[in-house]
Amino acid sequence: MKYNFKLLIMKNHFLFPNSFKKIGWILFVPSFIFSIYILTIDDSFTIDALDFNVLAIYNDGLFKSDKAFFKIIENNIGDELYVIGLIVGGILIGFSKLKNEDEMISKIRYESLVWATYFNYAIIILFTIFFFVIGYYSILIFNTFTLLLFFIIRFHYKIYQLNKISNDDE
């Protein structure tokens with residue numbers, strides 16, 4: 001069976017404009033720093049100004065017996081903001097066009113996405129075997145971001161290598 005290689009490569013019309021990459025970095029970096037701070041230094045850190053009444057489609061009432069559907073609850077939305085910042089920022093960084101987007105860049109983007117997916121799931125399998133209970137739950141939460149993170153790191157590393165080779169040839 002023959003494949004048309006051009007059809008397998010990610011088409012540029014699914015990518016954001018290059019200017020969105022800056023917005024992605026503005027969202028991603030502070031969210032990443034804040035999440036590292038919370039995970040390593042102060043896991044109870046909250047900003048009181050971020051306490052709001054929000055609609056909870058489902059609230060399990062952690063450590064309580066009051067499970068509720070479609071209920072207004074008081075919640076600090078700091079966690080939600082940095083999670084959204086990480087995800088939206090990561091998507092904008094990873095899927096915005098480069099200034100000189102060509103077929104080689106598309107190929108690197110596609111290969112990096114496939115590699116990141118394989119690598120991410122290999123790590124999940126290892127953690128499934130060796131981590132349990134709360135540790136495993138934490139790993140699953142981190143997994144929300146790791147695929148994007150692995151993709152961004154590999155894609156930009158491969159672009160760096162390509163640029164280095166191009167500059168060496170000149």
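The GNM of the chain, with springs linking C-alpha atoms under 10 angstrom apart, assigns the highest mean-square fluctuation among Ile105, Ile57, Ile33 to Ile57.
Region 34-95 gives an Rg/Rh value of 1.05, both radii derived from C-alpha positions and Rh following Kirkwood.
Thr46 contributes an accessible area of around 80 Å² to the protein surface, as traced by a 1.4 Å probe with all chains present.
Just by accessible area at a 1.4 angstrom probe, what is the order of Ile153, Ile38 from largest to smallest?
Numbers: Ile153 100, Ile38 15 Å².
Most to least solvent-accessible, the answer reads Ile153, Ile38.
Could you tell me the relative contact order of the chain? Use alpha-carbon pairs under 8 Å, at least six residues apart, and round to a whole percent. Present the calculation step by step, with values, prior to reporting the outcome.
On the way: 161 pairs, mean separation 45.3, N = 170.
Answer for the chain is 27 percent.
Applying the Karplus relation 6.51 cos²θ - 1.76 cosθ + 1.60 with θ = phi - 60° to region 69-80 yields 3J(HN,Hα) values of 10, 6, 10, 7, 10, 8, 8, 8, 8, x, 4, 5 Hz, where x marks Gly and Pro. If R0 is 35 Å, the Cβ-Cβ spacing of Ile47 and Phe132 corresponds to a FRET efficiency of close to 0.60.
Considering only protein heavy atoms, with the full assembly of protein chains and a 1.4 angstrom probe, order Leu86, Leu39 by accessible area, largest first. Walk me through the intermediate numbers first.
Values: Leu86 10, Leu39 95 Å².
In descending accessible area the options line up as Leu39, Leu86.
Roughly how many percent of the accessible protein surface of the chain is carbon and sulfur, given a 1.4 Å probe and a whole-percent answer?
Values: 8260 of 12270 Å².
Exposed carbon and sulfur together represent 67 percent of the surface.
For region 75-154, the square roots a ≥ b ≥ c of the C-alpha gyration tensor eigenvalues yield an a/c of 1.5 or more together with a/b not exceeding b/c, which makes the shape oblate. Semi-axes of the equivalent ellipsoid of region 62-118 are 40, 14, 8 Å, computed as sqrt(5λ) over the eigenvalues of the C-alpha gyration tensor in descending order.
With +1 on the Cβ of every Lys and Arg and -1 on the Cβ of every Asp and Glu, and nothing else charged, how large is the dipole of the chain about its Cα centre, in debye rounded to the nearest 20? Walk me through the numbers before you get to the answer.
On the way: 15 positive and 16 negative charges, 166 e Å.
Around 800 debye, computed over the chain.
Within region 32-170, the ratio Rg/Rh, alpha carbon atoms throughout and Rh by Kirkwood, equals 1.09. For a test of the definition: using alpha carbon positions, the gyration tensor, and the 1.5 limit on a/c, classify region 125-170 as rounded, prolate or oblate. Prolate is the answer for region 125-170, as a/c is 1.5 or above and a/b outweighs b/c.
Would you mind finding the longest exposed-site-free stretch of the chain, with exposed trypsin sites (Lys or Arg not before Pro) meaning DSSP loop and at most 11 other Cβ atoms within 10 Å? It runs 100-170.
Calculate the dipole size of region 23-102 relative to its Cα centre from +1 charges on Lys and Arg beta carbons and -1 charges on Asp and Glu beta carbons; express the result in debye to the nearest 20. Walk me through the intermediate numbers first.
Working: 5 positive and 11 negative charges, 49 e Å.
Rounded to the nearest 20 debye, it is 240 debye.
The values are calculated or read from the model by the stated rules, or taken from the named source; none is laboratory data. Source: prediction; values computed, not measured. Counting neighbours? That spans all protein chains shown, and the Cβs are built from the backbone with ideal geometry, glycine included. Ligands, DNA and RNA are excluded from the accessible area calculation, which covers all protein heavy atoms including side chains. Shrake-Rupley method; radii C 1.70, N 1.55, O 1.52, S 1.80 Å.
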